[in-house]
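Just below is one structure, and these are the notes that go with it.
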Amino acid sequence: MTAPRLGVFGGAFDPPHLAHRALAEAALAQLRLDELRVLPTGQAWHKSRPLTDAAHRLAMSRLAFAGLEQVRLDDREIRRAGPSYTLDTLRELHAENPQAELYLVMGKDQADVLPTWRNWQEIVQLAIICVADRDVLTGQETRFAPPPEMAGRFCKLQMPAMDISATGIRARIASRLGIAPLVSPAVARYIEQNHLYQST
């Protein structure tokens, strides 16, 4: 019997956008995941700005990933007191699913700073690191390459270039510009109805 394949996809999702959904779809298809946990960040230790209220980010994430049957929204990082660390989440998921193979899904920007994460070597031991290999938009090369002895714990997810960022979306809303091509219609409606991001 093969081990269940459990994907882990965390982020601020402030707001969740179409590139987030595309990465989830790529992970489900290319990694043949049995389940993908989407985990909105709680108190993010590395964010210099305050995040939008967790209830809004959770609600938007539910809308953004709707229709993907293997996706399960997991609010443990929001419920956790104090700073939220990926390592704690992976330890918990490993304890809850000891037979499962864990796959940590992330964007290239997160992979670049992975060595700054708490106990990142243990993260690599607990989960295979799956990085979105998007077509280069900036011309800059990735700053981080895994040590040779860890190379087998890393894999790439093929994705088209999508020049979308939550920072850019928030800036567009604050400038009263449209965001229709960047987020799902349901997320756009939620943002408008709840008057989110109207000032930076």
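The values are calculated or read from the model by the stated rules, or taken from the named source; none is laboratory data. What you see is a predicted model, and the numbers here were worked out from it, not measured in a lab. For neighbour counting, all protein chains shown are included, and Cβ atoms are generated from backbone atoms with ideal geometry for every residue, glycine included.
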The number of residues in the stretch 65-124 that are of a type in the set (Asp, Glu), buried (at least 18 other Cβ atoms within 10 Å of the Cβ) and assigned to a loop (DSSP other than H, G, I, E, B) is 1
field: Flag for ALA59 being part of a helix (DSSP H, G or I), buried (at least 16 other Cβ atoms within 10 Å of the Cβ) and not β-branched (Val, Ile, Thr)
entry: yes
Q. Just to be sure, is GLU149 more than 17 Å from the chain's Cα centre (by Cα), under 21 Å from ALA54 (Cβ atoms) and assigned to a helix (DSSP H, G or I)?
A. no
Test for ILE169: is it buried (at least 16 other Cβ atoms within 10 Å of the Cβ), outside any helix (DSSP H, G or I) and not aromatic (Phe, Trp, Tyr): no
Considering residues that are over 16 Å from PHE65 (Cα atoms), touching a residue at least 40 places away in the same chain (Cβ under 8 Å) and in contact with a Gly (Cβ under 8 Å, 6 or more places away or on another chain), the number found within the stretch 161-186 is 0
When restricted to CYS130, CYS155, the only residue touching a residue at least 24 places away in the same chain (Cβ under 8 Å), more than 21 Å from PRO40 (Cα to Cα) and in contact with a Phe, Trp or Tyr (Cβ under 9 Å, 6 or more places away or on another chain) is CYS155
ASP133 fails exactly one of (1) surrounded by 15 or more Cβ atoms within 10 Å (Cβ to Cβ); (2) modelled with pLDDT under 95; (3) in a loop (DSSP other than H, G, I, E, B), namely (3)
Within the stretch 172-191, residues surrounded by 17 or more Cβ atoms within 10 Å (Cβ to Cβ) and not in a loop (DSSP other than H, G, I, E, B) come out as ILE173, VAL187, ALA188, TYR190, ILE191
